[in-house]
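All remarks here apply to the structure that follows.
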Amino acid sequence: MTLLQIDTLSLDIRGTPILRDVSLSVDAGQIVGVIGESGSGKSMTAFSVMQLLPQGSVCSGRISLSGHEILALSEDHLCRLRGNDVSMVFQEPMTALNPLKTIGEQVAETILIHERTTAEDARKRAAEALRRVELPQDRFPLSRYPHELSGGQRQRVVIAMAIALRPKLLIADEPTTALDVTTQAEILTLLKRLVQEDGMGLLMISHDLAVVADMADHIVIMRRGEVVEQGPTQTLLRGMQHPYSLALLAASDHVPDREGTPQDTPLLRVRDVVRDYPTPRKGLWGKPGTFRAVDGVSFDIRRGENLGLVGESGCGKSTLTRAILGLEEVQAGTIALDGEPVFTGHRPNRAVRRRMQVVFQDPYGSFNPRHKVARLVCEPFHLLDDPPTGAARDRATAGALESVGLSAGDADKYIHEFSGGQRQRIAIARALIIRPDLIILDEAVSALDVSVRAQVLDLLADLSDRFGLTYLFISHDLSVVRSITDRVLVMQAGRIVEQGETERVFADPQHGYTQQLIAAAPQLPDDVRKLAHEH
Amino acid sequence: MLRFALKRLMSLVVTLWVASLVIFLSLEVVPGDPAAFMLGLNAQEDTLAALRDELGLNKGPVERYTDWVGGMLVGDFGTSYTYRTPVSRMILDRVQVSLPLALYALTLSTLIAFPAGIWAAARRGKPTDIVVMGITQLGVAIPNFWFAMLMVLVFAINLRWFNAGGFAGWDAGFFPAMKSLTLPAIALALPQASILARVMRSSLLDTLNEDFIRTARAKGLSRRQALWRHALRNALIPVLTIIGLQFAFLLAGAIIIENVFFLPGLGRLVFQAISARDLIVVESVVMLLVFAVVLVNFLVDLAYAAVDPRLRGRR
Amino acid sequence: MNRNLAFGAGLTAVFVLAALISFAWVPQDVTQMDIANKIRPPSPAHPLGTDHFGRDILSMIMVGARTSIAVALVAVGIGMGLGVPLGLAAAARKGGWLDEVIMRANDLVFAFPSLLIAIMITAIFGASALNAIIAIGIFNIPVFARLTRSGALSLWTRDFVLAARVAGKGAARISFEHILPNVTNLLIVQGTIQFSLGILAEAGLSYVGLGAQPPTPSWGRMLADSQTMVSFAPHMALFPGLAILLTVLGLNLMGDGLRDLLDPRLRRDRQ
């Protein structure tokens, strides 16, 4: 039975067309996955169903939800539907809850707003909803505040609010994007279970083809506000027709070609590194405690090698990065590049630091918006005792920009004139300009759309071959690590729990945590992956 | 919660201690001998010496500082050089005017600002919002003592609804006393209410853009319900800060308004003391006002913790 | 260009221009008394009337603008000149003893509203325009220090600052190359607001006799002089007050307009 029917939906926001002729449908008990890159309009499609659109939005077409013509309804009527017939779960659990109200109040509110019932009854049913999302009362009483819960737990509270009245349709907008892989897997399992138990429809928005392939009965692929292709998951994955769908599939599981082979000499040697942070003192006169972020870590990176470092948030990978870069001193152990320590006598060693550079995750936050590209790219020259000036500096800038596929003329522009992918190329140019031996890629492709990510990965592989670079590739995304690294380290709670050849670790993980991570990582079916590699 | 309060209390004590040092040291460097000033040019050397002794001016600075602070702790603010009466008595008389005036003004300003700010935020961009914001823009720019003079001109001189100045005294009864504070309180409250309304509005608008408001709307709350149930309390935190700061301004700013209305408050006491070089009075009144400011900010910090569970710490 | 900014800047420009012109020319010399023509309502000869010494009020307002603008401008300069470096230093050493000392000192100054500082300074050195500048200036220091610190703190967490640290740059160099240019927008907006508050504060201090002393004309002083005559010479109270109101209004509107123009968050909103 068709629950949600969207017909030729178009949406303009203040005159800018956002959606054009979008049609899709969701049946009761069915999971429909909508996939697309940024700007595809997938989230706006979801918000159109809820009619929670930004000011100045104009919808046309038809949205029909279990007999209600959504676009014709009054705001009052829509309020009665929201939370009752159709509910929504959002991307960012950390900010989705009111910080000043208890989780019990917030779940009970869904019930109280729609039904005339007693506060006591609402509380009881809120407790039941929380139990259904696996937050039992003995460990998560109604009186908890959001700040006392982790991101995954908060997302469960948001889901509890959404399903408290057993709506017919649930919309989930990138519900697991902000979460770690293992938490993601748990939340996805939970959503699947709720769909089965309640027979509700689920419209799931995602940028991750593997997540959707695993969950959905039906897939809709969107691009620039239009549906390019849709169909039942199994047939669609194996018989894509549209060139964009095929490109998206190929990019989702892209493996760059690499030629260079790592040498046997170690470049970076990390031995027994410990990094402690002080924690706030307990009680008024208590001693400040310490938190051990990195706990006895040892590994080598060989010259010319691509080493992966995977782990979930809070495992200590960022702390380790800062220690390697010589930004913070370690409490114990040694870090040495080509035998020279990163820190000598409590001072960072400039001679070592000029041989390492870094590329960060966020293409928007990595650059001072008030400087031109030339100045941004040349910043690492500060590490040289005798940096090039004048024409030599311009030549170096042009060279770095050209080697990442940009043009020398881009040096005179400001950073806001570039797209996310281009910015990440500029970040790589900045890292390259002093010809370092080691580049640390700290989640460097995580914020990019899959097609852009594939291009940047190709660029990185190409640069590594051309300049004999060594990479330390830090990521939470296992599929990316698998595609580009020779060896991989798995980090958990400050320790390296497993390390080895990438293919060996992925094919035959030894440590329990590694097994858990690999099992949790969403992956396209093998035959579909094979298809992807053919394109 | 207790830990938070204790920590704030400790920093309050430290601030007060440093403030007392600053006040004492700055007035210590003042040239001139209060005793000579009091007795005039023709004073005998031995009467001068006796007066210095009586005022404690012969003691060393450390001893005088400890005497002053120690005295204040037990409510003894010393003796006025000019009036020869206990400063604490003089202050007590004046506080009976200044404190009710500040509270009256704060109440008025809050009563005006909250509805105005909420109303404007709820109707963002509509005519109501534009008119309310236009009025507050004027209210922020108006010098309060000038506004007070205009009110005197209209309501006291022309319409004769109020007296142009003076204080009826609490002995005359509550309402006559409050009536004589009404024009001053309005003059003090108008600019503060305008600022507060603007802060309220912008804080509410910021909060209305938060993710959790969208969550609330997805649950089926109307725009209005989301504003009242979820946005308002969250928007209150910056508003509380401003209320705290405003109380300080109302106490100190009242000094100017007291001059317009000839009110016998702390402000006029300070001015008389300055012109008579009665430094012990200046010292003590300034210290008292600083104490009031610091105390109010401490209370505001406690109010934060009452509003925001994150500050109460994990259980 | 938004309307607030245009209107506010225009209004401010009128008074700044009046102050500048007054150096070269005023309708009537404000140091000359003309008792025969005292307390005249507005007329063609005296567009805003005359005061109790027969001085031309328009000329007084033009010369008074100099005092108001100079006091407020220098006070903002003191506040920025000391507050901004302190704020940058506190943010660069967040959580360290320097940060702690700077923030505690800020709290201390905040415990003394500018009027109390002015009272203490007057008690010590006597009343003058210079003391008004110092009192308002001291009060401005923590305002700018706090603003700079909070803006700088959020910038210090950004990746571009981390990139500069990877490039071996020290805290001082990062503060001036990367932090300062990115807080200037905040500072400009706050600067106009403090400027307008400075004008109000100067008027208040002069009104109670703690600011500019006669014969230096100042708006607050003119209002104080007019107070006893307000019942029969309302024009004496009206025009100086309007001058203050309009200048402050202009600066505030300009501040709002600048905020809309410079705040990237609002700009994104509008697109």
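Does A:ARG504 meet the test of being free of Cβ contacts under 8 Å to residues at least 24 places away in the same chain, basic (Lys, Arg) and open to solvent by 10 Å² or more (accessible area, probe 1.4 Å)?
yes
Name every residue in segment A:76-93 that is open to solvent by 20 Å² or more (accessible area, probe 1.4 Å) and more than 7 Å from chain B (Cβ to nearest Cβ), in order of residue number.
A:ASP76, A:HIS77, A:ASP85, A:GLN91
Yes or no, residue by residue, for (1) within 25 Å of the chain's Cα centre (by Cα); (2) away from chain C (no Cβ under 14 Å); (3) over 22 Å from C:GLU202 (Cα atoms); (4) not in a loop (DSSP other than H, G, I, E, B):
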{"site": "B:THR128", "(1), (2), (3), (4)": "no, yes, yes, yes"}
{"site": "B:THR136", "(1), (2), (3), (4)": "yes, no, no, yes"}
{"site": "B:ALA148", "(1), (2), (3), (4)": "yes, no, no, yes"}
{"site": "B:PHE155", "(1), (2), (3), (4)": "no, no, yes, yes"}
{"site": "B:TRP161", "(1), (2), (3), (4)": "no, yes, yes, no"}
{"site": "B:ALA168", "(1), (2), (3), (4)": "yes, yes, yes, no"}
{"site": "B:PRO176", "(1), (2), (3), (4)": "yes, yes, yes, yes"}
{"site": "B:LEU183", "(1), (2), (3), (4)": "yes, no, yes, yes"}
{"site": "B:ALA193", "(1), (2), (3), (4)": "yes, yes, no, yes"}
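Pick from B:ILE118, B:ILE112: which is open to solvent by 60 Å² or more (accessible area, probe 1.4 Å) and modelled with pLDDT of 90 or more?
B:ILE112
Cβ-Cβ below 7 Å, separation at least six or inter-chain, first residue in segment A:398-427 and under 19 Å from A:ARG370 (Cβ atoms) and touching a residue at least 60 places away in the same chain (Cβ under 8 Å), second open to solvent by less than 30 Å² (accessible area, probe 1.4 Å) and of a type in the set (Val, Ile, Thr): which pairs?
The qualifying pairs are A:ARG423/A:ILE415; A:ALA427/A:VAL359.
Restricting to segment C:15-43, and then to whatever is within 20 Å of C:THR228 (Cα to Cα) and in contact (Cβ under 8 Å) with a residue 40 or more places away in the chain, can you tell me which residue is surrounded by the fewest Cβ atoms within 10 Å (Cβ to Cβ)?
Among those that are within 20 Å of C:THR228 (Cα to Cα) and in contact (Cβ under 8 Å) with a residue 40 or more places away in the chain, it is C:PRO41.
Among what's in segment C:218-229 and is within 9 Å of another protein chain (Cβ to nearest Cβ) and either of a type outside the set (S, T, N, Q) or open to solvent by less than 30 Å² (accessible area, probe 1.4 Å) (or both), pick the residue that is farthest from the chain's Cα centre (by Cα).
The extreme case among them is C:SER226.
Looking at the structure I just gave you, is A:LEU165 assigned to a helix (DSSP H, G or I) and open to solvent by 10 Å² or more (accessible area, probe 1.4 Å)?
Considered against the rule, which asks whether it is assigned to a helix (DSSP H, G or I) and open to solvent by 10 Å² or more (accessible area, probe 1.4 Å), A:LEU165 comes out as no.
Being farther than 17 Å from A:ARG132 by Cα and within 11 Å of chain B (Cβ to nearest Cβ) is the filter here, so list the residues in segment A:150-175 that pass it.
Answer for segment A:150-175, where residues must be farther than 17 Å from A:ARG132 by Cα and within 11 Å of chain B (Cβ to nearest Cβ): A:ILE171, A:ASP173.
For A:GLU174, state whether it is under 30 Å from A:LEU249 (Cα atoms) and open to solvent by less than 20 Å² (accessible area, probe 1.4 Å).
yes
Looking at A:LEU73, A:LEU52, which one is under 25 Å from the mean Cα position of the chain (by Cα) and free of Cβ contacts under 8 Å to residues at least 40 places away in the same chain?
Exactly one residue qualifies, and that residue is A:LEU52.
If you scan segment B:199-217, which residues turn out to be farther than 13 Å from A:ASN98 by Cβ and not charged (D, E, K, R)?
Selection gives B:VAL199, B:MET200, B:SER202, B:SER203, B:LEU204, B:LEU205, B:ASN209.
Determine which member of the set B:ALA172, B:ALA164 is over 26 Å from B:THR207 (Cβ atoms), of a type outside the set (D, E, K, R) and surrounded by 15 or more Cβ atoms within 10 Å (Cβ to Cβ).
B:ALA164
Looking only at segment B:294-307, decide whether some residue is within 30 Å of B:GLY165 (Cβ to Cβ) and either in contact with a helix residue (DSSP H, G or I) (Cβ under 7 Å, 6 or more places away or on another chain) or among the charged types (D, E, K, R) (or both).
yes
Pick out the one residue from A:ASP362, A:ASP386, A:ASP410 that is modelled with pLDDT of 90 or more and among the acidic types (Asp, Glu).
Of A:ASP362, A:ASP386, A:ASP410, the one residue that is modelled with pLDDT of 90 or more and among the acidic types (Asp, Glu) is A:ASP410.
Looking at (1) over 27 Å from C:ILE199 (Cα atoms); (2) open to solvent by 20 Å² or more (accessible area, probe 1.4 Å), find the lone condition where C:LEU86 falls short.
Here C:LEU86 meets the rest and fails (1).
Only residues that are part of a loop (DSSP other than H, G, I, E, B), without any contact (Cβ under 8 Å) to a residue 60 or more places away in the chain and open to solvent by less than 40 Å² (accessible area, probe 1.4 Å): list them for segment C:44-54, please.
C:HIS46, C:GLY54
Exactly one condition in (1) under 32 Å from the mean Cα position of the chain (by Cα); (2) open to solvent by 10 Å² or more (accessible area, probe 1.4 Å) is not met by C:VAL183; state its number.
Tallying (1) under 32 Å from the mean Cα position of the chain (by Cα); (2) open to solvent by 10 Å² or more (accessible area, probe 1.4 Å), C:VAL183 fails exactly one: (2).
Quick one: B:ALA235 ticks every box in (1) open to solvent by 10 Å² or more (accessible area, probe 1.4 Å); (2) under 22 Å from B:ALA116 (Cβ atoms); (3) of a type outside the set (Phe, Trp, Tyr) bar one, so which box is it?
B:ALA235 satisfies every listed condition except (1).
Within segment B:125-139, can you find the residues that are of a type in the set (A, V, I, L, M, F, W, C) and either outside the structural domain of B:PRO191 (by TED's automatic domain parsing) or open to solvent by less than 30 Å² (accessible area, probe 1.4 Å) (or both)?
Within segment B:125-139, B:VAL132, B:MET133 qualify.
Between a residue in segment A:106-132 that is more than 14 Å from every other protein chain (Cβ to nearest Cβ) and any residue that is small (Gly, Ala, Ser), which pairs come within a Cβ distance under 6 Å, given they are 6 or more apart or on different chains?
Hits for this filter: A:ARG123/A:ALA108; A:LEU130/A:ALA160.
Determine if segment B:270-284 includes at least one residue that is of a type in the set (Phe, Trp, Tyr), crowded, with 24+ Cβ neighbours inside 10 Å and part of a helix (DSSP H, G or I).
If we filter segment B:270-284 for residues that are of a type in the set (Phe, Trp, Tyr), which is where we start, we get B:271.
Then keep just the ones that are crowded, with 24+ Cβ neighbours inside 10 Å; that gives none.
No, segment B:270-284 has no match at all.
So, A:GLU134, is that one at pLDDT below 95, at positive phi and in a loop (DSSP other than H, G, I, E, B) or not?
Judged against the criteria, A:GLU134 is a match.
Can you confirm whether segment A:43-58 contains a residue that is open to solvent by less than 50 Å² (accessible area, probe 1.4 Å) and assigned to a strand (DSSP E or B)?
Yes.
Here are some conditions: (1) free of Cβ contacts under 8 Å to residues at least 40 places away in the same chain; (2) at the interface with chain C (Cβ under 9 Å from one of its Cβ atoms); (3) open to solvent by 10 Å² or more (accessible area, probe 1.4 Å); (4) part of a loop (DSSP other than H, G, I, E, B). A:GLN361 meets all but one. Which one does it not meet?
(1)
Assess whether B:LEU295 counts as being more than 7 Å from every other protein chain (Cβ to nearest Cβ), over 30 Å from B:LEU57 (Cβ atoms), assigned to a helix (DSSP H, G or I) and open to solvent by 40 Å² or more (accessible area, probe 1.4 Å). Lay out the reasoning, then the answer.
Numbers: more than 7 Å from every other protein chain (Cβ to nearest Cβ): yes; over 30 Å from B:LEU57 (Cβ atoms): yes; assigned to a helix (DSSP H, G or I): yes; open to solvent by 40 Å² or more (accessible area, probe 1.4 Å): yes.
Yes.
Quick check on this structure: which one of C:PHE195, C:PHE239, C:PHE176, C:PHE232 is of a type in the set (Phe, Trp, Tyr), within 12 Å of chain B (Cβ to nearest Cβ) and assigned to a helix (DSSP H, G or I)?
Matching residue, one of C:PHE195, C:PHE239, C:PHE176, C:PHE232: C:PHE239.
Please pick out the residue among B:ALA226, B:ALA273 that is over 18 Å from C:PHE112 (Cα atoms) and facing chain C (nearest Cβ under 9 Å).
Checking each option against the conditions leaves just B:ALA273.
The values are calculated or read from the model by the stated rules, or taken from the named source; none is laboratory data. Treat the numbers as computed from the prediction; the structure is a model and nothing was measured. Cβ coordinates were reconstructed from backbone atoms using ideal geometry, including for glycine residues, and neighbour counts include every protein chain displayed. The protein model used for the area step is the full one, side chains on, heavy atoms only, and it has no ligands, DNA or RNA in it. Shrake-Rupley method; radii C 1.70, N 1.55, O 1.52, S 1.80 Å.
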